[in-house]
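Structure first, commentary second.
What follows is calculated from the coordinates using simple rules that are stated; it is not laboratory data. A quick note: this is a predicted structure, and the numbers were derived from the prediction, not measured. FYI the Cβ positions are ideal-geometry reconstructions off the backbone, even for glycines, and counts take in every protein chain you see.
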Amino acid sequence: MRRAVARASLAAFVLSLSVAASSDLPDAWIVLEATPGTPGSDPTAAPPRFVLLKDGQVFVGGTAHLEAGRLEKGEAAALRKRAEQARKVAGPSPVALGGDPSRTLRLRVPGGEPAEVTATGDPAAAPPSLAPLATLLADLLRFDHPSLRPYAPTSYALTVREVRLRGGCRPWGFAMPIAEALAGPRVVTAVEASGWPTGAVPASVCAEDARPSANGGRYAVTLRPLLPGERP
């Protein structure tokens, strides 16, 4: 049963990555994504756990919110070097770290081969041969820096899925028709997203004027914070 749950978790995370793959951070040096631990969360809308841009900007995310800071040139270069080493020892993905296999991490280091590493388990349980990867993942998951401050996104990627969530629902409040949003992610401003849950926390929406649905006009809406230069 444990293995079946782990396989299902990995499959869901890989599916979420196929959705997230349409987003683009052209100036990223390092990106770490992780399955959010909040029950009922949507991994496709979670902010990245860690992002380092080429100019030294760094972002640290949770289930819904982000902090932003800036690293010194030497700090950024040292972290990039560690990521390159981690990628080389990882081998083919997915990499089993040990421990709970339902936990999934995705490390992206653009500009080399392989450019992405998917790992399952707990970095603390990794064998010595994977130490460069495991220690990097552990450090990025708990990354802290004196420059970090709360980050207020200027825009969000709005995604709508035809699914009925538990509990009540709220009306569709965006200017575009919900049928348009169903066709794929749409960018909305922070002003438009005000008052809505953001990140991996979905909102339940009722839309009577939407196309016929097996879910009785009920939808799950998520708003993923967009980083500077990111395109969904």
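Would you work out which of A46, P94, P153 lies farthest towards the positive end of the dipole of the chain, given +1 charges on the beta-carbon of Lys and Arg and -1 on that of Asp and Glu, about the Cα centre? After comparing all options, I get P94. For region 122-201, the Cβ-based charge dipole about the Cα centre amounts to some 280 debye (Lys, Arg positive; Asp, Glu negative; other atoms uncharged). For K54, the lysines whose Cα falls under 18 Å of its own Cα, not counting residues fewer than eight places away in the same chain, are K73, K81. Hey, if you drop one equal point scatterer on each alpha-carbon of the chain and run the Debye formula without solvent, what base-10 log of I(q)/I(0) do you get at q = 0.10, 0.13, 0.17 Å⁻¹? So the normalised log intensities work out to -0.49, -0.80, -1.24. Sparsely packed loop sites in region 120-209 (the GluC sites (Glu not before Pro) outside DSSP H, G, I, E and B with at most 10 other Cβ atoms within 10 Å) comprise E208.
May I ask for the Rg/Rh ratio of region 152-225, computed from Cα atoms with Rh as the Kirkwood radius, given to two decimals?
That ratio equals 0.94.
Considering only trypsin sites (Lys or Arg not before Pro) in DSSP loops that have at most 16 other Cβ atoms within 10 Å, the longest stretch of the chain without any of them is 55-141.
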